[in-house]
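Q: Could you have a look at this structure, given as structure tokens, before my questions?
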Amino acid sequence: MMNSLPPGIIILVGALALPLLPRALRAVGALALPIISLAHLILLSDAVSLEVEFAGLSLIPVRVDRLSLIFGYIFHIAAILAALYALHVRNTVEHVTAMFYVGSAIGAVFAGDLVTLFLYWEITALSSVFLIFASRTERSYRAGIRYLIIQVGSGVLLLSGILMHYQDVGSLAFGQLIGAAGSLGDASLGVWLIFLAFGIKCAFPFLHNWLQDAYPQATVTGAVFLSAFTTKLAIYALARGFPGTDALIGIGVVMTLFPIFFAVIENDLRKVLCYSLNNQLGFMVVGIGIGSQMALNGAVAHAFVHILYKGLLFMSMGAVLYRTGTIRASDLGGLYRSMPWTTAFCIVGAMSISAFPLFSGFVAKSLTMSAVVEGYYVWTFVGLLIASAGVMEHSGIKIPYFAFFGQDSGIRCKEAPLHMCLAMGATAVLCITIGWLPGPLYALLPYPTAYEPYADLGHSITQLQLLLFAALAFAVLVRTGLYPPEKASITLDTDWLYRRLAPRWAKGILSSLERIRQSGVNAIHQTGRHLMRWVLHHYGAEGTLARAWPTGSMVLWVAILLGTSLILYYL
């Protein structure tokens with residue numbers, strides 16, 4: 001009986017029942033749902049598969065294997081921690097939509113066919129947008145609408161690709177969608193559309209701006225939920241459908257590098273975290289592109305730990321926003337005096353994302369970097385080293401420095417509420433425990449591994465040297481005044497092309513078309529006036545044809561017409 005229940009369905013059904021609970025218990029109910037669902041998932045045996053026939057199609061709504069299980073576990077853990085963090089929320093819509101978002105993301109990673117994946121894919125888009133709308137500001141509403149358009153657009157592309165792919169191969173099974181050669185050049189149009197749909201949700205370069213646009217406008221707790229599921233669902237989909245795709249290596253390297261510049265100059269610290277999120281996704285995409293067992297293990301392990309430490313950073317910045325009412329670096333500083341626990345938790349998250357040895361990021365990123373070295377991807381390795389230094393600068397140092405240290409802003413506030421501190425503390429413990437004891441995490445990975453991250457002392461020393469050099473560079477730039485100052489400004493990204501330039505062009509084109517239309521209308525009116533004057537001139541009351549003509553003239557014209565008719569007839 002338990003094996004026949006799709007993972008995540010308990011959360012989806014339970015979300016419908018949350019409004020029936022007393023208002024004070026709805027947050028507790030939202031916390032209980034992922035706990036119960038996790039117990040259900042643990043009871044599931046490995047390699048479970050459920051097949052059904054629907055409308056003549058063979059569907060697999062449940063497929064349990066090692067790849068889906070590890071994502072299922074971390075999605076449940078993230079949901080429990082985020083729900084604990086959100087215990088103070090009294091917005092029923094936020095609780096219900098958050099649980100729908102969580103349940104659909106969990107259901108998607110256990111989908112064995114593309115149709116089931118699409119259904120869950122769309123539920124995640126439609127439910128998650130309410131976490132942005134819940135801020136109830138004009139900016140959040142506009143950002144939510146843009147987010148919804150892009151996410152639904154991704155779903156439309158996915159559905160179109162599924163239909164084309166089914167027509168080509170006659171199967172809806174969700175497995176590897178690309179050939180063994182790993183070249184997209186040999187893929188069908190349907191596979192290309194599916195790849196693009198995954199790429200949008202994964203925030204590929206030039207498709208990424210929905211992330212930085214929408215996430216910072218979400219509620220304090222909504223941003224924590226959003227950081228965990230949408231992009232990691234896309235990572236899972238790429239790992240399932242496109243392992244070993246060569247193009248992903250280059251895409252991933254670009255993803256790790258371009259956010260560094262934007263994160264350095266950005267003033268909104270939650271937006272800095274979004275650029276950092278883009279950077280971290282790039283490491284995972286590179287691992288999927290390499291496609292070896294070690295690389296895929298690295299990508300999945302990185303996704304697992306990233307959900308934890310990125311969630312921890314969003315929690316700490318959310319606590320700052322909750323207590324101070326601002327998240328701009330130019331307005332903050334000196335908060336370690338008022339929020340010491342939040343400061344400590346943020347530092348744990350910063351060290352984890354920077355991949356310091358003995359923290360979770362190190363034991364995951366090491367797998368990917370080792371796979372890059374084993375595959376002799378020299379330029380990829382160089383790019384990832386630069387990106388690693390960038391991570392240390394914008395997430396490992398900038399966020400804790402400007403929020404909690406730096407120039408004292410004079411803000412004095414309370415420490416974060418107890419339940420927030422408990423959620424951050426539990427996440428921090430996980431980040432440290434995984435860094436010290438990576439064995440249990442490695443045991444969950446899709447492929448067996450005997451990798452020992454601390455066996456090669458040289459690798460640990462190299463990572464430490466890189467991070468300490470980045471820290472030294474930051475200190476020198478700040479002390480010399482060369483570091484970009486934190487200003488209350490708006491950073492332009494490529495979304496300017498469709499948020500400002502495209503509307504301006506569209507307005508110009510529409511104005512030109514309107515002028516052309518008006519010119520045409522005026523020309524028609526002018527022609528009509530000339531025609532009416534001509535008609536009146538000849539046929540009006542005083543016109544030529546209205547005058548009295550002499551009889552002789554009429555006889556002459558009749559004779560001419562008759563003669564012309566006779567000539568034409570005989571010719």
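The values are calculated or read from the model by the stated rules, or taken from the named source; none is laboratory data. Keep in mind that this is a model prediction, so the values were computed, not measured. Cβ sites come from the backbone with ideal geometry, for glycine too, and all protein chains shown count toward neighbours.
Q: Would you mind telling me which numbered condition in (1) over 27 Å from Ile235 (Cβ atoms); (2) out of contact with any helix residue (DSSP H, G or I) (no Cβ under 8 Å at 6 or more places or on another chain) Asp65 fails?
A: Answer for Asp65: the failing condition is (1).
Q: Right, another one. Could you list all residues from the range 170-187 that are without any contact (Cβ under 8 Å) to a residue 60 or more places away in the chain, surrounded by fewer than 16 Cβ atoms within 10 Å (Cβ to Cβ) and touching a Gly at 6+ places or on another chain (Cβ under 9 Å)?
A: Those that are without any contact (Cβ under 8 Å) to a residue 60 or more places away in the chain, surrounded by fewer than 16 Cβ atoms within 10 Å (Cβ to Cβ) and touching a Gly at 6+ places or on another chain (Cβ under 9 Å): Ala181, Asp186.
Q: What are the pairs with Cβ atoms under 6 angstrom where one residue, in the range 493-521, is on the phi > 0 side of the Ramachandran plot and in contact (Cβ under 8 Å) with a residue 12 or more places away in the chain and the other, located anywhere, is aromatic (Phe, Trp, Tyr) and in a loop (DSSP other than H, G, I, E, B)? Sequence gap at least six, or different chains.
A: Within 6 Å, no pair qualifies.
Q: Separate question: Considering the range 130-143 alone, what residues qualify as being in contact (Cβ under 8 Å) with a residue 24 or more places away in the chain and either in contact with a Gly (Cβ under 9 Å, 6 or more places away or on another chain) or under 21 Å from Tyr498 (Cα atoms) (or both)? Steps first, please.
A: So in the range 130-143, the residues in contact (Cβ under 8 Å) with a residue 24 or more places away in the chain come out as 130-132, 134-135, 137, 139-140, 143.
Scanning the range 130-143 gives Phe130, Leu131, Ile132, Ala134, Ser135, Arg139, Ser140, Ala143.
Q: Quick check on the range 262-272. Is at least one of its residues in contact with a Lys or Arg (Cβ under 8 Å, 6 or more places away or on another chain) and assigned by TED's automatic domain parsing to the domain that holds Thr137?
A: Looking through the range 262-272, none of the residues is in contact with a Lys or Arg (Cβ under 8 Å, 6 or more places away or on another chain) and assigned by TED's automatic domain parsing to the domain that holds Thr137.
Q: Check every one of the helices (runs of 4 or more DSSP H) wholly within the range 210-295 and list those with 3 or more residues that are over 25 Å from Pro34 (Cα atoms).
A: 247-265, 269-290
Q: Something else now. For the range 435-485, name all the residues that are among the β-branched types (Val, Ile, Thr), more than 18 Å from Ser388 (Cβ to Cβ) and surrounded by 13 or more Cβ atoms within 10 Å (Cβ to Cβ).
A: Taking the range 435-485 and keeping what is among the β-branched types (Val, Ile, Thr), we get 449, 461-462, 476, 478, 480.
From the residues that got through so far, the ones that are more than 18 Å from Ser388 (Cβ to Cβ) too are 449, 476, 478, 480.
Within the range 435-485, Thr449, Val478 qualify.
Q: Hey, another quick one. Please go through the range 320-363 and give me each residue that is under 28 Å from the mean Cα position of the chain (by Cα), more than 28 Å from Phe304 (Cα to Cα) and assigned to a loop (DSSP other than H, G, I, E, B), ordered by number. Working first, answer last.
A: If we filter the range 320-363 for residues that are under 28 Å from the mean Cα position of the chain (by Cα), which is where we start, we get 320-332, 342-343, 345-356, 359-363.
Narrowing the set further to residues that are more than 28 Å from Phe304 (Cα to Cα) leaves 323-326, 328-332.
Of everything in the range 320-363, those that are under 28 Å from the mean Cα position of the chain (by Cα), more than 28 Å from Phe304 (Cα to Cα) and assigned to a loop (DSSP other than H, G, I, E, B) turn out to be Gly325, Thr326, Leu332.
Q: Check Thr231, Thr256 and return the single one that is among the polar types (S, T, N, Q), outside the structural domain of Gly107 (by TED's automatic domain parsing) and in contact (Cβ under 8 Å) with a residue 40 or more places away in the chain. Step through it out loud before you land on a result.
A: Working: Thr231 fails: outside the structural domain of Gly107 (by TED's automatic domain parsing).
Just one listed residue meets the conditions, Thr256.
Q: Take the range 209-242 and flag every residue that is touching a Cys at 6+ places or on another chain (Cβ under 8 Å) and among the β-branched types (Val, Ile, Thr).
A: Thr231, Ile235
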